[in-house]
Amino acid sequence: MANQDFNLSGAVKVRPAQQKDAAPLHQFCFPEKDEKEITAKLKADLAKGSQTHRLVAEVSGYPIGQISVKENPNDAEISTVGDLVVSGPFRQLGVADHLMAAAEATAAENGAETLEIELPASEKSVIQRYKDWGFSEKPLVVLQKTLEAASETDEKTDAAEETQEEQPADTGTEQQTLLKD
């Protein structure tokens, strides 16, 4: 068969998500996840009083992408964008651009002046894509400390308390030296 060119056209429509979108989102965007999990998350996002707005990109009536915009409960001027997913065959067609534009409009309509996203530093290509949309990096340092399991901590605390009860308290020269300095 000889190479043939086809002109395909279709309209991408971005709209608020609906509960009936759960199954198609599972099929086209989240096949690796459990459909019940997607349905429950969508239901929570659509619930009255939710601070999350879920938007869906559809082609010919089928949701092929989605994005969420979450209002910051502590600052009405900031919203967080997340969960941007576009079905594989549609990624090169600018669907993500339409979803991001709709997310920006939704955030602005709800009083936000700033749109944020948190990403791991290792996601360089994703970070670059968000920079292409006008996002910039904030000078932020995240410090982390891994804590021992609570049961291990409780055992060590119990052992330390027993040791302290058995030995007389030493309030000797070390404390006095610290207080003099």
Could you check, for region 123-132, whether at least one of its residues is loosely packed, with under 11 Cβ neighbours inside 10 Å, hydroxyl-bearing (Ser, Thr, Tyr) and farther than 28 Å from Phe30 by Cα?
-> no
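Scan region 46-76 for residues that are acidic (Asp, Glu) and modelled with pLDDT of 95 or more and jot them down.
Glu71
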Scanning region 48-62 residue by residue, the ones that are surrounded by fewer than 17 Cβ atoms within 10 Å (Cβ to Cβ) and under 15 Å from the mean Cα position of the chain (by Cα) total 1
From the set of residues in region 63-93 that are loosely packed, with under 14 Cβ neighbours inside 10 Å and of a type outside the set (S, T, N, Q), which is farthest from Lys138 (Cα to Cα)?
-> Pro89
Right, Lys41: farther than 23 Å from Arg129 by Cβ and basic (Lys, Arg) or not?
-> yes
In the set Glu104, Glu118, which member is charged (D, E, K, R), modelled with pLDDT of 95 or more and either farther than 24 Å from Lys43 by Cα or within 18 Å of the chain's Cα centre (by Cα) (or both)?
-> Glu104
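The values are calculated or read from the model by the stated rules, or taken from the named source; none is laboratory data. Model, not experiment: these values are computed from the prediction. No Cβ is skipped: glycine too gets one built from the backbone with ideal geometry, and neighbour counts run over all protein chains shown.
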